[in-house]
Amino acid sequence: MSVWIAPSVLSADFGNLAVEVAKVESEADWLHIDVMDGHFVPNLTVGPPVVASLRRHTSMFFDCHLMVDNPARYLSAFKNSGADSCTVHLEVGDTAELVDKMHKLGLKAGVAINPETPVDGVMNLIPSVDLLLVMTVHPGFAGQEFISSVLEKVSVLRDERDRLGVKTLIEVDGGIDPVTAEEAARAGAQVFVAGTSIFSTPPYDEACRRLREAALKGSSM
Ligand code: DX5
Ligand code: ZN
């Protein structure tokens, strides 16, 4: 039984990013980097140059969440910048081609679904992706309230993943704190992305430990 804790830099101090990341490094498993293009979501964040800069400061696994309309255009730039995985949204289309492209580039491949998107479109992708991200808020902003009804989808995906006996990880993102992490873990989530509950409650390493404890508790039920 394992859980992965992935702090989201969206809630970190962007003026001090390397210092912020150093503070989570010892207790976190992955670093979640939210990429937004102002089209797929109504917000703008960072891209490959920031990933490349951060890569010079840490060897953490970079889990890049691409909330962009045209991810195909940027995948090789993310790979060259030091991304370990990229996750594209099912809602942008051409998912199978994108997954293939990510794998050919040597990236771990993830597919995300928004809260209102049914699981149907990702069921047949389970054996071919490394990561399935179920959004537990509407993408675009940190600090939103967790949508618990989405956990039904987490359960369906986890059951199918276990039935197939594949290594695909089920990730949740948005409104994750120790309480919701435990609920999500009980539903079958394995990777826990958290922005506000880590970067707004220093010391960050302690916040990571609390999340891990809660997630482990939920997954043992
Ligand atoms: C939202 C992002 C999330 C966000 C989570 O679109 O995908 O990764 O940073 O932030 P919190 O944990 O504050 O909901
Ligand atoms: Zn995210």
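The values are calculated or read from the model by the stated rules, or taken from the named source; none is laboratory data. Just so it is clear, the structure is predicted and the values come from calculations on it, not from any experiment. With ideal geometry, Cβ positions are generated from the backbone for all residues, glycine too; neighbour counts draw on all protein chains shown. When the accessible area is computed, the model is the full protein with side chains, heavy atoms only, and any ligands, DNA or RNA have been set aside. Shrake-Rupley method; radii C 1.70, N 1.55, O 1.52, S 1.80 Å.
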*How about the stretch 113-122: which of its residues are open to solvent by 20 Å² or more (accessible area, probe 1.4 Å) and assigned to a helix (DSSP H, G or I)?*
Asp120, Gly121
_I'd like the full set of residues that are within 13 Å of Ile176 (Cα to Cα) and away from ligand 2 (no atom under 15 Å from the Cβ), limited to the stretch 126-161._
Glu145, Ser148, Leu151
*Kindly indicate the residue of the stretch 61-97 that is under 20 Å from Leu169 (Cβ atoms) and open to solvent by 10 Å² or more (accessible area, probe 1.4 Å) and also farthest from the chain's Cα centre (by Cα) among those meeting that condition.*
Ala96
_Count of the stretch 170-221 residues which are within 14 Å of the chain's Cα centre (by Cα) and in a loop (DSSP other than H, G, I, E, B)_ = 6
*Does Val166 satisfy the criteria of being in a helix (DSSP H, G or I), modelled with pLDDT of 95 or more and open to solvent by 10 Å² or more (accessible area, probe 1.4 Å)?*
no
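Restricting attention to the stretch 123-139, report how many residues are crowded, with 18+ Cβ neighbours inside 10 Å and in a loop (DSSP other than H, G, I, E, B).
Initial filter on the stretch 123-139 (crowded, with 18+ Cβ neighbours inside 10 Å): 126, 129-137, 139.
This time we only want the ones that are in a loop (DSSP other than H, G, I, E, B), so: 129-130, 136-137, 139.
Residues that pass the stated criteria total 5.
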*Only one of (1) farther than 29 Å from Arg209 by Cβ; (2) touching a Phe, Trp or Tyr at 6+ places or on another chain (Cβ under 9 Å) fails for Tyr74. Which number is that?*
(2)
*Within the stretch 18-60, how many residues are open to solvent by 20 Å² or more (accessible area, probe 1.4 Å) and either at pLDDT below 95 or not small (Gly, Ala, Ser) (or both)?*
20
*Considering only the stretch 143-163, how many residues are among the β-branched types (Val, Ile, Thr) and either open to solvent by 60 Å² or more (accessible area, probe 1.4 Å) or touching an Asp or Glu at 6+ places or on another chain (Cβ under 7 Å) (or both)?*
1
*Look through the stretch 179-197, keep the residues that are among the β-branched types (Val, Ile, Thr) and away from ligand 2 (no atom under 13 Å from the Cβ), and return whichever of them is nearest to Phe146 (Cα to Cα).*
Thr180
